[in-house]
Amino acid sequence: MPKLLIFQHVPHEGLGAFEAAFREAGLELQTIESWREDLSRLQIAPGACDAVVVMGGPMSANDAGRLPFIREELRLIEETLKADLPFLGVCLGSQLLAKALGMRVYPGAQKEIGWYPLWTRPEARGDPLFGDFPPRLEMFQWHGETFELPSGAKLLASSELFLHQAFRYGDKAYGLQFHAEMTPAMIAEWHEEGRAEIAAAGLEE
């Protein structure tokens, strides 16, 4: 059974709706709680796992000096790309992918919190993941930072506020700034825990 390695950064930002889809695809799931575990001895190589997913979190891809697990995840993403394994980065995970590829991660003009429209880009046509997406779709967002598009990457989706909403690097690595994994229960929990952040951002609930 193919093994999927998942890096999670806080208890409430797990796989959500992705879990059922991954299990239906016949994948064995192993979740690593990065904030609890020592990642320094972990290595990504063919045979150790078959694919890697890095989920979201409130920390920054620029926190490698403050949070050792961010530094180690950047290394592990580089190893994943070198091993040519499938990779999916969600929100923080997409920013870490860009950072691992040498790009700058920086604050956006304002935060996106809640449901926002996205538009697929011309290069999404024919893409294995985005090729069947409609031209416009609504996706849940919760982020304030964005990133430079890695050299050679294909831009797949944009929003009005953030140009880089989804990209593919090579054939197997995807970064999604938005949260496609959300369930109603997750949205309710995030809303409750994030009331102060919503208010500070000047966004209506």
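Miscellaneous remarks
- Residue check: Met1 meets all listed conditions (1) under 22 Å from Arg104 (Cβ atoms); (2) modelled with pLDDT under 95 but one, namely (1).
- Looking across the stretch 49-83, the residues that are of a type outside the set (Phe, Trp, Tyr), farther than 21 Å from His164 by Cα and out of contact with any strand residue (DSSP E or B) (no Cβ under 8 Å at 6 or more places or on another chain) come down to Ala64, Gly65, Arg66, Leu67, Pro68, Ile70, Arg71, Glu72, Arg75, Glu79, Lys82.
- Tally, over the stretch 27-78, of residues that are surrounded by 19 or more Cβ atoms within 10 Å (Cβ to Cβ) and among the polar types (S, T, N, Q): 2
- Test for Leu67: is it more than 24 Å from Ala196 (Cβ to Cβ) and not charged (D, E, K, R): no
- Among residues of the stretch 165-193, those that are under 17 Å from Val90 (Cβ atoms) and either free of Cβ contacts under 8 Å to residues at least 24 places away in the same chain or of a type in the set (Gly, Ala, Ser) (or both), counted: 4
- Filter pass, Gly89 being under 27 Å from Trp190 (Cβ atoms), in contact (Cβ under 8 Å) with a residue 12 or more places away in the chain and not charged (D, E, K, R): yes
- Qualifying position, being aliphatic (A, V, I, L, M) and closer than 21 Å to Glu145 by Cβ, among Ala48, Ala61: Ala61
- Complete set of residues in the stretch 79-96 that are in a helix (DSSP H, G or I) and surrounded by fewer than 23 Cβ atoms within 10 Å (Cβ to Cβ): Glu79, Leu81, Lys82
- If the condition is being assigned to a strand (DSSP E or B), touching a Phe, Trp or Tyr at 6+ places or on another chain (Cβ under 8 Å) and either touching a residue at least 40 places away in the same chain (Cβ under 8 Å) or charged (D, E, K, R) (or both), then the stretch 20-66 contributes Ala51, Val52, Val53, Val54.
- A search for C-beta distances below 9 Å between a residue of the stretch 99-115 that is free of Cβ contacts under 8 Å to residues at least 60 places away in the same chain and acidic (Asp, Glu) and any residue that is buried (at least 18 other Cβ atoms within 10 Å of the Cβ) and not in a strand (DSSP E or B), counting only pairs 6+ apart in sequence or on different chains, returns Glu112/Phe162; Glu112/Gln177; Glu112/Phe178.
- Test for Leu15: is it over 19 Å from the mean Cα position of the chain (by Cα) and in a loop (DSSP other than H, G, I, E, B): no
- Residue match in the stretch 124-134 (condition: at pLDDT 95 or above, more than 11 Å from Phe162 (Cβ to Cβ) and either polar (S, T, N, Q) or under 13 Å from the mean Cα position of the chain (by Cα) (or both)): no
The values are calculated or read from the model by the stated rules, or taken from the named source; none is laboratory data. Quantities reported herein were computed from a predicted structural model and do not represent experimental measurements. Here the Cβ is made from the backbone with ideal geometry for all residues, glycine too, and neighbour counts use every protein chain on show.
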